[in-house]
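Before any comments, here is the structure.
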Amino acid sequence: LTDALSRLGAESTVEVGDGYAGTKKLRVSTRGLVFVDPPYQSGSDTDLIAALCGHLKQYWRAARIAVWYPRGDGADARTERLRHEVLAATGAFDVLDAHLTVPGDASARLRSSGMLLVQPPYGFDDDLESLL
């Protein structure tokens, strides 16, 4: 990721580790993006994700947050709870829910997933709609 960002000419820092613990230490005033890819197979991290979003709202208001989630296979109730908890934690921040389902065999594993984008850039929803 660091190599890809440097080829784009982006000044960046990539941290690898426990994202929940790492972001709790951040006190940043510049913009940034936090990717959250929780281990859904080992149980729901909904409460941790919501707490993280609430923390970032308070301590890193310029952060944009991208939370990946699986769809299908009975995940609808979990996804709805995740969406509700993130909205409650972020308050007035915009939250965009984007999802993609790949056509094909309905029995295929993980052919549909989504991403909650907290504070997406202005016009990103229109750009995303034209791509999907």
For region 115-127, Karplus couplings with θ = phi - 60° (6.51, -1.76, 1.60), whole Hz, Gly/Pro x: 8, 8, 10, 8, 6, x, x, 4, x, 5, 4, 5, 4
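Heavy atoms only, probe 1.4 Å: what % of the accessible area of the chain goes to carbon and sulfur, would you let me know? Each step should come with its number before you reach the end.
Details: 4690 of 8830 Å².
The computed percentage sits at 53.
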Accessible surface, region 55-127, averaged per residue in Å² (probe 1.4 Å): 59 Å²
Nearest 10 degrees, 0 to 90: helix 76-90 Cα axis against the chain principal axis: 20 degrees
Sequence-separation-based contact order of region 83-132, relative, with Cα cut under 8 Å and 6+ spacing, percent: 38 percent
Structure-derived Cα Rg over 2.2 N^0.38 Å - corresponding label in (1) 1.10; (2) 1.75; (3) 1.24: (1)
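So, by mean Cβ neighbours within 10 angstrom, what's the order for 8-19, 80-91 with the highest one leading? Can you show the working numbers first?
Numbers: 8-19: 9.2, 80-91: 16.3.
In descending order of packing, they fall as 80-91, 8-19.
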On Cα atoms only, tilt of 46-59 relative to the major axis of the chain in degrees: 30 degrees
Percentage relative contact order, the chain, counting C-alpha pairs under 8 Å, at least six apart: 23 percent
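The values are calculated or read from the model by the stated rules, or taken from the named source; none is laboratory data. Bear in mind the structure is a predicted one, so any value in this text is a computation, not a measurement. Cβ: placed from backbone, ideal geometry, glycine included. Neighbour counts: every protein chain shown. Accessible surface areas use protein heavy atoms only, side chains included; no ligands, DNA or RNA. Shrake-Rupley method; radii C 1.70, N 1.55, O 1.52, S 1.80 Å.
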